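Colleague: Sharing a structure below in structure tokens format, with a few things to ask.
The values are calculated or read from the model by the stated rules, or taken from the named source; none is laboratory data. Because the structure is predicted, anything quoted here is derived from the model rather than measured. All Cβ positions, glycine included, derive from the backbone under ideal geometry; neighbour counts span all protein chains shown. With ligands, DNA and RNA removed, areas are computed over all heavy atoms of the protein, side chains included. Shrake-Rupley method; radii C 1.70, N 1.55, O 1.52, S 1.80 Å.
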Amino acid sequence: SAQDIAAGERSWNKCRACHQIGEGAKNLVGPQLNGLIGRHSGSVEGYSYSAANKSSGITWDEAVFAEYIKDPKAKIPGTKMIFPGIKNDKEILDLTAFLKQYDKD
Ligand code: HEM
């Protein structure tokens, strides 16, 4: 298939040291990621974002998320997310399919 949720779940292992997703997800080092696709940047209540992320004016649609996660500091200069990025386009698609399973709770 075009998108592979099981592969996306393996890719999520790169994120879970800092992010939670799913029922009861809490903010950790980074904000919880429920309902990410369609969400406005910097909008999770109770999470202390950098000014750069907070004021980036981004809506996380699939294309913008793909650009961001390829090179976070290029898309949001000044982000406090320390992550080198995912360079493989298929891996990004699969990760996106995984993330999209979790609506805002
Ligand atoms: C922010 C995704 C890995 C720490 C964000 C945001 C997204 C995201 C979309 C912006 C959220 C928003 O605007 O509400 C991901 C994904 C990852 C990943 C999909 C794995 C592929 C990591 C890792 C860390 C981390 C490994 C910690 C080492 C953070 C922090 C922020 C953040 C601290 C807040 C940035 C700021 O306020 O400047 N992440 N992330 N993330 N992430 Fe990640």
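Colleague: Test of understanding: what is the full-extension gain from Ser43 to Lys104, defined as 0.36 nm times their sequence separation minus their Cα-Cα distance?
Modeller: Values: separation 61, 0.36 × 61 = 21.96 nm, distance 1.18 nm.
That pair, Ser43 and Lys104, stretches by 20.8 nm at full extension.
Colleague: Turning to a different aspect of this structure: Using Cα-only point scatterers and the Debye equation, what is log10 of I(q)/I(0) for the chain at each q in 0.17, 0.22 Å⁻¹, rounded to two decimals?
Modeller: Scattering profile of the chain, log10 relative to I(0): -0.75, -1.36.
Colleague: What accessible area per residue, rounded to a whole number of Å², is obtained for the chain using a probe radius of 1.4 Å?
Modeller: That works out to 57 Å² for each residue.
Colleague: Which distance in nm do the two modelled labels at Cys18 and Ile5 give, with both placed 7 Å along the Cα-to-Cβ direction?
Modeller: 2.6 nm
Colleague: Rounded to the nearest percent, how much of the accessible area of the range 5-99 (1.4 Å probe, protein heavy atoms only) is carbon and sulfur? Walk me through the numbers before you get to the answer.
Modeller: On the way: 2760 of 5020 Å².
Carbon and sulfur atoms account for 55 percent of the accessible area of the range 5-99.
Colleague: A further question on this structure: Quote the convex hull volume per residue of the range 9-58, based on C-alpha atoms, as a whole number of Å³.
Modeller: Numbers: hull volume 4.5 nm³, N = 50.
Normalising the Cα hull of the range 9-58 by residue number yields 90 Å³.
Colleague: Once you have the Cα-Cα distance between Lys80 and Lys54, take 0.36 nm times their residue separation minus that, and quote the gain in nm to one decimal. Walk me through the numbers on the way to the answer.
Modeller: Working: separation 26, 0.36 × 26 = 9.36 nm, distance 1.10 nm.
In short, 8.3 nm is gained.
Colleague: With all protein chains present, calculate the accessible area of Ser55 using a 1.4 Å probe and round the result to the nearest 10 Å².
Modeller: Approximately 90 Å² for this residue.
Colleague: At 1.4 Å probe size, put Arg39, Arg10 in order of accessible surface, largest to smallest.
Modeller: Result of the area sort, largest leading: Arg10, Arg39.
Colleague: When we measure straight from the Cα of Lys54, which lysines land under 18 angstrom away, once same-chain ones fewer than 8 places off are left out?
Modeller: Lys73, Lys75, Lys80
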